[in-house]
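Only the coordinates and a few stated rules stand behind these numbers; no lab work does. This structure is a prediction, so every number in the text was calculated from the model and none was measured. Backbone-built Cβ (ideal geometry, glycine too); neighbour counts: all protein chains shown.
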Amino acid sequence: MPNPTESPAVEVVELQLETDRLRVIGVPRRRVDARAKVTGQTRYADDIFLPRMAYCKLLRSPHPHARIQKIDSSRALAHPGVYLVLTGKDLPIEYGIIPVSQDEQALCLDHVRHVGDPVAAVVAREELTALEALDLIDVEYEILTTVSDPEEALATPEPRIHDYGEEGNIHKRVNLEFGNVDEGFAEADEIFEDFFFYQGNTHLPIEQHASVAIKDPEGKLTIWSSTQTPHYLHRALAKVLEMSPAHIRVIATPNGGGFGGKSDPFNHEIVVAKAALMLDRPVKIGLTREEVFYCHRGRHPVLMRFKTGVKKDGTITGMHLQTLIDGGAYGSYGVASTFYTGALQTTSYHVPRYHFQACRAFTNKPPCGPKRGHGTVQPRFGQEIQLDKIAEKLKLDPAELRLRIAEAPNAVTANFLELGTVGLRECIRRVVKISSWNEKFRKLPEGRGVGLACSAYLTGAGLPIYWNAMPHSGVQLKLDRGGGITIFCGATEIGQGSDDVLAAIVAEVLGVTTFDIRIYTGDTDLGPVDLGSYSSRVTLMAGNAAMQAAERAKAMLTEAVGARLDVPKERLRFADQRVFDSAAPEKGVTFHEAVCLAEARFGTVGTVGSYTPPRSPAQFKGGGVGPSPTYSYSAAVVEVTVNPVTGWINVPKIWIAHDIGRALNPALARGQVEGSVYMGLGEALMEEQEFRRLPKRLSHALVHKFPSILEYKSPTSLDMPEIVVELVEEPDPHGPFGAKEVGQGPLLPIMPAVANAVYDAVGVRVDEVPITPEKIVKALAEKKAGRAPRFGPTYFPDVDWPEPLRVPPPWEGGDGRAVNEVRRSSSQRKEKVLRT
Amino acid sequence: MATAPAESQKTARIKITLNGEETDVSFAPYKTLLEVLREDLGHTGTKHGCELGECGACAVLLDGKPVLSCLLLAWECDGCSITTIEGLGSNGRLHPLQSAFANLGAAQCGYCTPGILLTAKALLDENPHPSRDQIREALSGNLCRCTGYLQIFEAVEAAMVQIAEWKKPGA
């Protein structure tokens, strides 16, 4: 058991690297796909135009909750230019991203659950014609009672939005106990109980979702789509269309931004696939911006209660976290999201006893799902603000408190997460230094303040979404006698630079440049499976697979060149497009010649690589969410100015340190950090996916308050503060060249750091996001009136929690299993998998 | 199945100079410049994110000025000169803005990039030495969800230096 009161120096893991010979890794470079992007040649899904292509539009429900009594599409079908009208009976098989939540239909058969749920599809020669024909479809609805938020869901078990889930309109409840928290609270000198609310928000990728499907010349299905997860779309299509996956090709086109919003298999993708197969012509759909808002799958609104016991020195003795989650109308990733609202609380600070309870409710709003930081963002907001309150009460500096309680490298946490390198302390020290924290905190004039917060994030989900024993990532490498190298991999380029990661790793190993490499990714026909661009998994998982394939190719070339030059294999080096004797560098062959020698010796030169994450010790039910090969860490300081009269907030500067393990391409790594900070700042200050009820005379529907880019406020170039980025590079043995994630983690500390800075500036707590001037003014009024100087929720509703699963932590002799769990046999589990 | 309009709808016709090339195009009269560029002229480098003039992804240059092509009917552009991303480089070489964006990480997903590059070109054409605040102001109508804008500002500044080098006498 690590002793949290000590502050051991960050353990430096020695990686077996000859750093002096890295020529690609760690060098800021133009990414491999940059030229295509700056010349407008990147082909996104909507840029595909094919001969005879027809256009699809979806008729969407205007009601948040209703039974479909009758659909008559005869008038639409008779409209000139209309080829096809599809309804729910054409695609009745249910699907969904998570095996236990197969609750969506591509077109609703008899039940609509949110405004925007699709009920029919029109395919026509022109997009405008399809749009006109939507008005000619007659649908009769029986309006049902709607549920607008989780508290209403708890109070309204009937009518049920779904006929599965725990009971009533509760989708999922979790109750996990890692040690006895009451004992922890009994040991505590101070106990803190705080309530927080995190409003939902959405991804807002600038590219609207689009798909084009064809029946290919052989009669099989091909679909190009703006998806982050071509493999999961592949599976959903096979299921709903009742086709062999071998006859379906999914091509994930480069995404014009994803952020998690293109990770579910979508109804529109299934609809155009079906239509293309029926019509034997290409069918395209492009969603409008309003439709993208209603597709959503974004950040869950979460109400939280944190009860934390601490010793006078800051040591945490126990933590009890409760989360109430607004799931929207479908399961989506929700089961995973629910576990994620409590999974990572133990990864940054040592928590010896931890009790986590979560409840996700169905509501009649667009489904929530994974957005950058998936489910961990909301509780991180609460935890880091509560730490700020704890530090103040204990008269400790917030940075010092965190340095004291930071978790140790390679620790196993109370909930059995195995950590890798932990650069948290180094991140804190660096950000304190570069921000001049010690000269600013509680020392700036009224109206100006600084706030600090930290975070941790997964470097890839340790378990796949559906149970299987196969690798999470595969790479095939082809070397041709022209000296060319081609990478085939299912990884999906969503802007994060995954193609560049693959190219950089292979180029480094084989001693060439990234320009010497061709890359085919995101295509289920061409490349081996990669599970997708989610959970910050690609750099580590696809990267390790690429590394293995490249090392295997290198071994073949080494043997062939060694034999030709009569040089011992261990003396050969690969660099600058040559293979040469390290003892006599002029003695060597070109890379091109090396490939020819290998082909002559072995035949066609091709290799494969794959990656499967290590098995997690968390073997209790629900332990599948949270494990990762290793975790990234971040610490941020935000400076704000707050007008004490208007509440107007300005953020002039942000400092952030991120423990990335190693930056494969520092230019892109910095871009990921800055982009995360930007998105976090949007969530902190303005972004919200909010719904309102139309008046009773106008159907009383729950509609999106502002389904447009103009009204859904996000930061512009004028809103961006100066950002100072420090990359903490402490190579992690799990990552390729030591790399950990960078795409999501740096978002997490921003929102709580803003909240803590507001408190430093004007002495009021805004315990919810977005932190708006209006809320600050209200909190200031409370302060002036002598009441608690805060704005935020004040209670957590009663939830009928199930019996907790009791999992003794490692230091209490636990083995990662619950002592009171009835375990399914492996044959039962396999049967379940086959059914889904 | 009923017969459809399609080709017969192409009743509007304009002549424009597209990326320096005389271009004659027929199209359905309700179409925006954005739609005609992408659908009737095959210039898919121009993107769209809202079709309501909110995101800036569809920005092109109309007689050298940045406009949102989703807010213009194509027939309004008769006789105009239009520059799209396909026409930003010349003689097989990238424009300094394109090189700088590529080298400095200013394009992540790349979807907002064409609109931002053209807006930045219009800025540098008018003001060869903009301050950081002037760059911010000029790009404030172009949303980018990936970068946080900072690498974009840096790329515009790097291109500004590069262009100034080119313009030096004897360069």
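Brief remarks follow.
- The range A:219-308: GluC sites (Glu not before Pro) in DSSP coil with no more than 16 other Cβ atoms inside 10 Å: A:242
- Each residue, residue A:615 and residue A:193, gets one label point 7 Å from its Cα in the Cβ direction; the gap between the two is 4.3 nm.
- Each DSSP beta bridge with both residues in the protein assembly as shown is either parallel or antiparallel, and the antiparallel ones are about 75%.
- Positive contributions from Lys and Arg (+1) and negative ones from Asp and Glu (-1), summed over other residues with Cβ under 11 Å from the Cβ of residue A:336, come out at +2.
- Each peptide in B:78-87, A:447-456, A:253-262 was scored by the mean count of other Cβ atoms within 10 Å over its residues; highest first, the order is A:253-262, A:447-456, B:78-87.
- Between residue A:577 and residue A:392, the contour length at 0.36 nm per residue exceeds the alpha carbon distance by 60.8 nm.
- Peptides A:679-685, A:474-480, A:512-518 ranked from most to least packed give A:679-685, A:474-480, A:512-518, packing being the mean of other C-beta atoms within 10 angstrom over each peptide's residues.
- Order of A:783, B:167, A:215, A:365 under a 10 Å beta carbon neighbour criterion, fewest first: B:167, A:783, A:215, A:365
- Quotient of Cα Rg and 2.2 N^0.38 Å for the range B:96-167, N being how many residues it contains: 0.97
- Theoretical gain in end-to-end length, residue A:216 to residue A:604 [0.36 nm per residue, Cα-Cα removed]: 136.7 nm
- Exercise: per-residue mean of other protein chain Cβ atoms within 10 Å, B:109-121: 6
- Cα-Cα over 19 Å, subset of A:307/A:784; A:284/B:10; A:37/A:713; A:311/A:395; A:307/A:443; A:440/A:653: A:307/A:784; A:284/B:10; A:37/A:713; A:307/A:443
- Approximate spin-label separation residue B:22-residue A:782, in nm, with each point projected 7 Å along Cα-to-Cβ: 7.2 nm
- Theoretical FRET efficiency, 1/(1+(r/R0)^6), r = Cβ-Cβ of residue A:182 and residue A:551, R0 56 Å, to 0.05: 0.60
- Low-density loop positions, trypsin sites (Lys or Arg not before Pro), the range A:367-421 - DSSP coil, at most 14 other Cβ in 10 Å: A:395
- When each of the peptides A:189-201, A:788-800 is scored by the mean number of other C-beta atoms lying within 10 Å of its residues, the order from highest to lowest reads A:189-201, A:788-800.
- Cβ-derived FRET efficiency at R0 22 Å, residue A:131 paired with residue A:708, nearest 0.05: 0.75
- Over the range A:721-800, relative contact order from alpha-carbon pairs under 8 Å, at least 6 apart, %: 18 percent
- Note on B:78-87: average number of Cβ atoms from other chains within 10 Å of each residue's Cβ is 1.
- Entry note, the protein assembly as shown: the mean residue ellipticity at 222 nm calculated from DSSP H runs of n ≥ 4, each adding -39500 (n - 2.57), is -8000 deg cm²/dmol after division by the residues and rounding to the nearest 500.
- Contact order relative to length of the range B:96-167, as percent, for alpha carbon pairs under 8 angstrom and 6 or more apart: 50 percent
- FRET E, pair residue B:91, residue A:590, Förster distance 25 Å, beta-carbon r, rounded to 0.05: 0.20
- Remark: spin-label model distance residue B:134-residue A:311 equals 6.1 nm, labels positioned 7 Å along the Cα→Cβ axis.
- Proximal lysines to residue B:168, defined as alpha-carbon separation beneath 20 angstrom and excluding residues fewer than eight positions away on the same chain: B:121
- In the protein assembly as shown, Rg over Rh equals 0.96, where Rg is the alpha-carbon radius of gyration and Rh the Kirkwood radius from pairwise Cα distances.
- Cβ neighbours within 10 Å from other chains - mean over B:41-49: 5
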